[in-house]
Structures are given as structure tokens and as C-alpha cells.
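Visitor: Have a look at this one before I ask anything.
Just so it is clear, none of the values below were taken in a lab; they were calculated from the coordinates. Source: prediction; values computed, not measured. With ideal geometry, Cβ positions are generated from the backbone for all residues, glycine too; neighbour counts draw on all protein chains shown.
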Amino acid sequence: MSPATPNASSLLGHRQRILVTGGAGFIGGAVVRRLLSDSDAIVFNLDKMGYASDLTSIEAVLSELPNEGVGRHHLQRVDLSDAAAVEAAVREADPDLVMHLAAESHVDRSISGPGVFIESNVTGTYNLLQAVRAHYERLSGSRQEDFRLHHISTDEVFGSLGAEGRFSETTPYDPRSPYSASKAASDHLVQAWHHTYGLPVVLTNCSNNYGPWQFPEKLIPVVTLKAAAREPIPLYGDGLNVRDWLYVEDHVDALLLAACQGEPGRSYCVGGHGEATNKQVVNRICAELDQLNANNAPHADLITPVTDRPGHDRRYAIDPSRISSELGWQPRHSVEEGLAATVRWYIDHQDWCQQVRARASYSGERLGLTPQ
Ligand code: NAD
Ligand code: TDX
């Protein structure tokens, strides 16, 4: 029997006003959809509406709610690097809970242009912490007692594993890309605001997410769309780098549990027991496409080794024992079923992919090679 979905309403309890940063992105969007459909919370969605942002999935959920969800979702189009705008947005939201997902998130883009990663992920987190700290100090009574800032981070802050072992909450930080270094810096800022100012924070560090509505620049959507178009499938280096894949809805379960029941000052590692080499993932996607479109089989003939990513981390793997034993979290989807559903979703939503890529002036080209 698969684990039950955590009940968002009962987890939130009295927390009614939720500020989600990065709620127009892939994971933040999944969080916002869950809050809208599975609770009565009012969601403030703070997002700069960058290249990876899109509200189609949220609008679809709103349209199904009573009264079309009027008053349930407030988009705050704000760049976290603008301290005054962040302060005003936090005042307007007057939140009971902040879930901080906004970040530049693509490793390849951080190699080509690291500056915006420092502005968004480091300065942006600092601006949010300052605004939230002032807000927390204004709160009184039970609202202050229940308040949490939940910072959403990545396993990449721990660096790169060899063939053995897994990351856990006690693994020393060792970030190696501009992206992971900026996320590590943000984690340290969040912990410092807890220790120094008493801000009640919770952190989670998660492995690679996949699922619907991800801007198509990362491995699974890129491979699916390239293969469906009969274009070469780019496999970096020897294809033996390992990632620990987690279905995005399982991540949302973990985020709700950690945000509402996590212990202040504590961090939780989240991973789906989904280790696979890139080669294995790409071959599974090709096999799924062979079933969907036998005329074009075998899609695996399109796999093309390309120049490796500079500084490419070899292996990530998470030991999620803490969040499982302390908060009762378990992933609900196996990689096999999640991947099959995701491949089908991208095949059925190629119009959406084209539309968001066109808006972002990105057509699936290779990113993140340093100049020769
Ligand atoms: P995403 O790129 O799909 O979305 C990020 C959103 O944040 C975008 O809508 C973007 O506009 C917004 N944003 C970025 N900079 C901003 C700024 N300065 N001000 C306001 N908004 C800004 O990313 P995602 O995959 O949804 O990742 C969400 C969070 O989860 C990130 O913090 C990321 O580091 C973390 N994370 C992601 C993964 C993964 O596999 N995708 C795994 C672990 C952790
Ligand atoms: O075309 C590709 N070919 C390829 O071989 C792409 C886009 C990627 N790869 C490889 C590089 C990685 O080993 O696949 C693996 C996964 O790459 P990405 O999808 O870019 O993810 P990764 O670099 O592992 O980072 C992701 O997981 C952790 C997210 O983008 C981060 O935001 C998250 O923190």
C-alpha cells in the first residue's frame, strides 16, 4: 500500500496566510497548487516572473475552485534583489508561514552567468530574511509561536559523492558549482538568522525533482522533447553521473510536513531512493517513447555523447532517514511510474513547452559550456 498524502489543511492548522516565494516556478508551482486545492489558505506568490515562470497550472486549479478561487491567490511580482519591494511584499502578505523556493536553479546557466545566482539566491535570501525578521518581531502571541520560515535547498550543497555513501544532515558542505555555492551561502544565512536573531527557520535539502510543468531545460524534459522530435539526445560526458530522482508531488509532501512540523533550526534531507545514472534515465525515457510511438523506435539510437559539463558532480544520493522517522514522510511514487507519467505529460504538452521556451528565447540548445 502506498503512503497516504499528508493532509495540508490539518498540517497548516491556524496558519492561513502563506507566502510562497518562487511559486511561479516548477516546485513552487506544485506547492501553490497543493495549498489551493487541499486547504483554505490564502497564498501570496512572490516571484519575479523570470524565464522559468509560468502560471498556467495555477490558473487551471483556480478555475476549478468555488467562486474561481477569488481572493485565494495573490501574485506579487517582485525581484528578491529589491530590498524595499521585498519588505513591502512581506508587509502586504502578513504571513503565518513563509516557504522560500525562489532561486535561480539551473546549474548550466550558473556556469555561463553566475552573477544573477548571487543576486537572487544570496542577496535575495538576505533581503527576505531581513524583511521576515522584522515581520516576525511585529507578530504577537500564538501567531508568533506558530510562525516558520521554511528555506528550500538542494543536495548539491554537499558536493559530489564517490561510488559509496549517501548525503545526510551531518554531511559537511562542499559546493562545487556557482549554483550550489549560492545555495550553500543561502543555507548558511538562514541558519545564522536562526542562531543570532531567533528566527524560527526550517531547512530542507532535496535531490533532483522531476514531473509536469518543469521549464524544459533540464535532463528529463530536454531528453523527452529531443527524442520526440527525432533530434540528437545530448548525454554529458560518459553518462555515468548519478542523480537521486524524486517525483515533485512527493517533494511537496515533504515540504508541507517540514514547514508545519519540522523543529526550528533543524534541517531535513529529502530523497526518493531513486538513484540512477543519466544513461539509465535516458534509456528509460527512450523505452517509454518506443511504446508511445513504435514507428520511431528505437529512440535510443538518438543518444549522443557530448562534451561534459565543467566541474560536473559525479554522484548525488540522499539518506532520508531523519524526515522519514521524525516526520513520517515516504515517497509515494516509484521512479518507474513517475518517469513514465512525466514522459507522457511532456508528449501531451508540447505546445506548452514551445510556448514557454519561445517566451524565454530558449530553443533547447546546449547551455553552460565555458568559452574555449
Ligand atoms: P525554477 O527555476 O523552476 O523556479 C524558480 C522560480 O523562482 C522562478 O519562477 C523564478 O522566477 C523565481 N525567482 C528566481 N529568482 C528570483 C528573484 N530574484 N526574485 C523573485 N523570484 C525569483 O526552480 P525549481 O526547480 O522550482 O526550484 C525551486 C527551489 O527548489 C529552488 O530554491 C531550488 O534551488 C530548489 N531545488 C530544486 C531542485 C530541482 O531538482 N529542481 C532540487 C532541490 C532543490
Ligand atoms: O541535456 C542534458 N544532458 C545531460 O547529460 C542535461 C540538461 C543534463 N545532463 C546531465 C547533467 C546531470 O548529471 O543530467 C544530470 C541532471 O542534470 P540537470 O537536469 O541539469 O540537473 P542537476 O544539474 O543535477 O541539478 C538539478 O538537481 C538539483 C536541479 O537543476 C537543481 O536545481 C537541483 O538543486
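Visitor: With each run of n ≥ 4 DSSP H residues scored as -39500 (n - 2.57), what mean residue ellipticity at 222 nm is computed for the chain after dividing by its residue count and rounding to the nearest 500 deg cm²/dmol?
Guide: -12500 deg cm²/dmol
Visitor: Stretch T196-A341 to full length: gain in nm at 0.36 nm per residue minus the Cα-Cα span?
Guide: Length gained, T196 through A341: 47.7 nm.
Visitor: Set the Förster radius R0 to 51 Å, insert the Cβ-Cβ distance between R77 and T170 as r into 1/(1 + (r/R0)^6), and round the FRET efficiency to 0.05.
Guide: Between R77 and T170 the formula returns 0.85.
Visitor: Let me ask you something else. What does the extension gain come out to for S325 and R230, with contour length at 0.36 nm per residue minus their alpha carbon separation?
Guide: 29.7 nm
Visitor: Additional query: What percent antiparallel are the DSSP beta bridges of the chain, to the nearest 5?
Guide: Around 10 percent antiparallel, to the nearest 5.
Visitor: Using the eigenvalues of the Cα gyration tensor, what equivalent ellipsoid semi-axes result for the range 88-241 when each is taken as the square root of five times the eigenvalue, whole Å, largest first?
Guide: Working from the Cα gyration tensor, I get semi-axes of 34, 18, 14 Å.
Visitor: Follow-up question, since we're still on this one. Semi-axes, largest first, in whole Å: what does sqrt of 5 times each Cα gyration tensor eigenvalue give for the range 29-151?
Guide: Equivalent ellipsoid semi-axes, largest first: 24, 21, 11 Å.
Visitor: Out of all DSSP beta bridges in the range 143-296, what portion is antiparallel? Express it as a percent rounded to 5.
Guide: Percentage antiparallel, nearest 5: 20.
Visitor: For the range 306-365, state which trypsin sites (Lys or Arg not before Pro) are in a DSSP loop and have at most 15 other beta carbons lying within 10 Å of their beta carbon.
Guide: Listed in order of number, the matching sites are R314.
Visitor: Short version: ³J(HN,Hα) in whole Hz for each residue of the range 160-167, in order, from phi by Karplus 6.51 cos²θ - 1.76 cosθ + 1.60 (θ = phi - 60°), x for Gly and Pro, what are they?
Guide: Taking θ as phi minus 60°, the curve returns 10, 8, x, 5, 10, x, 9, 6 Hz for the range 160-167.
Visitor: Efficiency by 1/(1 + (r/R0)^6): what FRET value for T56 and H312, r their Cβ-Cβ distance, R0 = 35 Å, to the nearest 0.05?
Guide: 0.60
Visitor: Apply the Debye scattering formula to the chain, with a single equal point scatterer on each alpha-carbon and no solvent, then give log10 I(q)/I(0) at q = 0.06, 0.08, 0.11 Å⁻¹.
Guide: Computed log10 I(q)/I(0) values: -0.21, -0.38, -0.74.
Visitor: Could I ask something else about it? How much length would be gained if the chain were fully extended between N293 and D238, taking 0.36 nm per residue of separation minus their Cα-Cα distance, in nm to one decimal?
Guide: My answer for the length gained is 17.1 nm.
Visitor: I would also like to ask the following. Could you derive backbone 3J(HN,Hα) for the range 170-185 from the dihedral phi with the Karplus parameters 6.51, -1.76 and 1.60 (θ = phi - 60°), listing whole Hz in sequence and x where the residue is Gly or Pro?
Guide: In residue order, the calculated couplings are 9, 5, x, 6, 7, x, 10, 10, x, 4, 5, 5, 5, 5, 4, 4 Hz.
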